[in-house]
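Reading through the structure tokens given below for one structure.
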Amino acid sequence: MKNGIVVDGTGNPWFKADVGIRNGRISGIGELSSSESKEVLDAKGLVVAPGFIDMHAHSDFSLLVNPLAESKVRQGVTTEVIGNCGSSAAPLNDFLKEEIRETSPVLEEAKLELDWSSMDEYLKRLERNSIALNVVPLVGNGNVRALVMGYDSRRPSRSELEKMKEVLAETMEEGAVGLSSGLIYPPSCYADTRELIELCKVAQYGGIYTSHIRGEGETLIDSVREAIEIGKKAGVPVEISHHKTSGKSNWGKVKQSLKIIDEARSIGVDVTCDVYPYLAGSTGLDALLPPHAWEGGIEKLVGRLKNRTTRKRLRREMEEGRSNLFRAGGWGTIMIAYCKRHREYEGKTIAEITEQKKIDPFDFVFDLLIEEKASVAIVLFTMCERDMRTVLRHSVSMIGSDSSSTAPYGVLRKGKPHPRTYGTFPRVLGEYVRRKKLLTLEDAVRKMTSFPAQKLRLKDRGLVKKGMWADVTVFNPEKVVDKATYAKPHQYAVGIKCVIVNGQVVITNGKHTRELPGKALRLQAIEK
């Protein structure tokens with residue numbers, strides 16, 4: 001690449017230089033006109049940056065459905081962290097495989113066979129299948145718990161806790177870089193603070209702890225403190241996932257939560273967070289239910305929803321605020337994003353649907369969860385711009401899309417996924433760097449590259465520097481922007497000119513080369 005505006009990922013000011021790549025790595029930076037090269041990209045007027053690292057992703061299964069990872073690499077993403085929110089593709093047993101099959105109709109349609117059990121088998125399957133970008137795997141504490149205890153809502157016995165620690169240690173030996181929790185999702189949410197501390201002690205040598213904390217609304221502050229306590233007592237770095245405040249009555253609390261993070265860092269606790277530049281979140285419709293509804297798994301859940309007495313109890317508990325998500329907003333803030341048997345609901349709020357059908361919203365939700373076996377995706381409009389900007393510009397935040405890779409074709413085209421799936425990184429650059437000037441270009445790139453690389457201990461990625469792996473994103477700083485919307489989400493971003501993964505061109509002039517040079521970045525390889 002010649003004549004580029006190099007933003008090297010450190011946060012230092014840009015500089016103009018040529019960048020050479022040889023044998024998958026950056027071979028030189030500077031004036032390289034005399035060097036021989038098989039291919040030259042003229043990057044005049046374009047920014048040459050390290051490939052973006054998606055700190056919070058969910059492409060565990062979608063990469064096996066479509067290894068091109070179109071929605072991600074077309075944003076400039078060259079590495080993503082999978083296995084977040086307490087749920088990962090491995091380890092699995094027969095019970096978990098059946099749960100996944102029951103609640104993931106897209107995988108059934110794609111005829112994806114869950115022919116692995118361990119993390120090692122899963123990562124080898126990914127690499128054998130080939131993928132367009134690199135993945136950094138976490139192991140979900142929901143998986144670890146389910147392997148030992150199923151979906152039981154109770155404390156583990158001493159022997160069960162020891163077995164979970166053995167499973168976690170084995171999975172990290174096979175390459176997982178840390179433990180993730182999803183403390184609003186069963187069975188992850190059944191773990192208490194003490195259990196998580198004991199598990200994280202296993203992860204302390206080289207690993208991290210990432211957490212979808214126990215509450216992002218009324219209980220935000222206590223939930224942040226819990227994550228910090230786990231990291232402090234276990235001696236492990238902490239990453240608070242998609243940090244935000246949900247629900248109008250809670251807006252503004254991120255100032256306090258970020259202050260608590262700063263205070264923890266001042267006494268030596270390595271705690272950071274990630275954020276996406278949107279005002280809506282996304283999850284499953286079943287997340288509106290109190291956690292105990294899921295005890296025992298999907299069949300038990302469906303049975304409870306069919307029982308009139310249990311439905312009345314669940315409704316009462318939701319109205320009383322015992323569901324974190326439901327109390328963050330009303331039915332008008334919840335949009336159906338994916339619903340296999342009722343595509344006509346997609347893009348509409350529950351309020352709109354139930355008013356039109358003249359039915360009770362609770363009965364609608366319960367019946368829909370029964371019919372769809374809890375496989376309904378939703379988008380929730382519960383956040384405010386000021387809070388999001390506060391987190392985005394804070395020194396401890398990095399960027400994560402909280403999404404899986406997809407494409408506007410094939411089985412992954414279904415539904416109306418959150419636009420962050422296609423636009424997170426270009427939106428930061430176009431909206432919050434160029435237009436609103438909330439961040440400098442250099443700091444935005446740092447939050448997407450060297451900062452997450454440092455957190456993950458990726459010693460040879462995240463910088464445009466000689467000897468580093470050649471994960472590179474080239475973009476037009478005047479034109480880069482997201483195009484995806486809530487109404488029309490399946491739209492690629494624009495302005496990303498070239499994406500290189502491990503020295504191979506994956507995106508050029510807005511087209512996918514169909515090259516699949518991605519790797520699974522295992523903990524052992526990272527540490528070496």
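In this structure, does Ser180 turn out to be under 18 Å from Glu99 (Cα atoms) and under 21 Å from the mean Cα position of the chain (by Cα)? For Ser180, the condition - under 18 Å from Glu99 (Cα atoms) and under 21 Å from the mean Cα position of the chain (by Cα) - is not met. Looking for something assigned by TED's automatic domain parsing to the domain that holds Cys85, touching a residue at least 24 places away in the same chain (Cβ under 8 Å), touching a helix residue (DSSP H, G or I) at 6+ places or on another chain (Cβ under 7 Å) and within 30 Å of Gly252 (Cα to Cα) - is there at least one such residue anywhere in the stretch 164-179? So far as the stretch 164-179 goes, yes, one or more of its residues are assigned by TED's automatic domain parsing to the domain that holds Cys85, touching a residue at least 24 places away in the same chain (Cβ under 8 Å), touching a helix residue (DSSP H, G or I) at 6+ places or on another chain (Cβ under 7 Å) and within 30 Å of Gly252 (Cα to Cα). Take the conditions (1) outside any strand (DSSP E or B); (2) in contact (Cβ under 8 Å) with a residue 40 or more places away in the chain; (3) surrounded by fewer than 19 Cβ atoms within 10 Å (Cβ to Cβ); (4) touching an Asp or Glu at 6+ places or on another chain (Cβ under 9 Å); Ser88 misses just one of them, which is (3).
Condition first: over 26 Å from Tyr486 (Cβ atoms), of a type outside the set (D, E, K, R) and surrounded by fewer than 21 Cβ atoms within 10 Å (Cβ to Cβ). Can you find one or more residues in the stretch 361-371 that meet it? Yes - at least one qualifying residue is present in the stretch 361-371. The set of residues in the stretch 381-425 that are crowded, with 19+ Cβ neighbours inside 10 Å, farther than 24 Å from Gly83 by Cβ and basic (Lys, Arg) contains only Lys416.
Of everything in the stretch 143-160 that's in contact (Cβ under 8 Å) with a residue 60 or more places away in the chain and surrounded by fewer than 19 Cβ atoms within 10 Å (Cβ to Cβ), which residue is farthest from Trp116 (Cα to Cα)?
It comes out as Ser153.
Scanning the stretch 485-503 for residues that are in a loop (DSSP other than H, G, I, E, B) and touching a strand residue (DSSP E or B) at 6+ places or on another chain (Cβ under 8 Å) yields a total of 5.
Among the residues of the stretch 341-352, is any closer than 25 Å to Thr382 by Cα, among the hydroxyl-bearing types (Ser, Thr, Tyr) and without any contact (Cβ under 8 Å) to a residue 40 or more places away in the chain?
Within the stretch 341-352, the subset closer than 25 Å to Thr382 by Cα is 342-352.
Those left that are additionally among the hydroxyl-bearing types (Ser, Thr, Tyr): 345, 349.
Keeping just the survivors that are without any contact (Cβ under 8 Å) to a residue 40 or more places away in the chain gives 345, 349.
Scanning the stretch 341-352, I find at least one residue that is closer than 25 Å to Thr382 by Cα, among the hydroxyl-bearing types (Ser, Thr, Tyr) and without any contact (Cβ under 8 Å) to a residue 40 or more places away in the chain, so the answer is yes.
Against the numbered list (1) surrounded by 20 or more Cβ atoms within 10 Å (Cβ to Cβ); (2) touching a Phe, Trp or Tyr at 6+ places or on another chain (Cβ under 7 Å); (3) of a type outside the set (A, V, I, L, M), Asn134 comes up short only at (2). Does the stretch 381-430 hold any residues that are on the phi > 0 side of the Ramachandran plot and in contact with a Phe, Trp or Tyr (Cβ under 6 Å, 6 or more places away or on another chain), and which are they? Within the stretch 381-430, Asp402, Gly415 qualify. For the condition crowded, with 16+ Cβ neighbours inside 10 Å and either part of a helix (DSSP H, G or I) or not assigned by TED's automatic domain parsing to the domain that holds Tyr338 (or both), Glu299 does not qualify.
Within the stretch 73-85, being in a loop (DSSP other than H, G, I, E, B) and within 12 Å of the chain's Cα centre (by Cα) holds for Gly83, Asn84, Cys85. Here Tyr185, Tyr209, Tyr205 are screened, and the one residue that is of a type in the set (Phe, Trp, Tyr) and within 18 Å of Met55 (Cβ to Cβ) is Tyr209.
Condition check for Tyr432 on (1) within 28 Å of Ala337 (Cβ to Cβ); (2) in contact with a strand residue (DSSP E or B) (Cβ under 9 Å, 6 or more places away or on another chain): one failure, at (2). Return a yes/no flag: does the stretch 504-513 have any residue that is crowded, with 18+ Cβ neighbours inside 10 Å, assigned to a loop (DSSP other than H, G, I, E, B) and touching a residue at least 12 places away in the same chain (Cβ under 8 Å). The answer is no; no qualifying residue exists. On inspection, Ser159 fails the criterion of being more than 25 Å from Lys459 (Cα to Cα) and in contact with a Phe, Trp or Tyr (Cβ under 8 Å, 6 or more places away or on another chain).
Kindly provide the set of residues from the stretch 368-383 that are assigned to a strand (DSSP E or B) and touching a Pro at 6+ places or on another chain (Cβ under 8 Å), ordered by number. Hit for the stretch 368-383 is Ala377, nothing else.
Rundown of residues vs (1) in contact with a strand residue (DSSP E or B) (Cβ under 7 Å, 6 or more places away or on another chain); (2) at positive phi, yes/no style:
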site	(1), (2)
Lys2	yes, no
Val7	yes, no
Gly11	no, yes
Trp14	yes, no
Val19	yes, no
Leu32	yes, no
Val40	yes, no
Lys44	no, no
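The values are calculated or read from the model by the stated rules, or taken from the named source; none is laboratory data. Please read these numbers as outputs of a predicted model, since none were measured by experiment. Methodologically, a virtual Cβ is constructed for each residue, glycine included, from the backbone with ideal geometry; neighbour enumeration extends over all protein chains shown.
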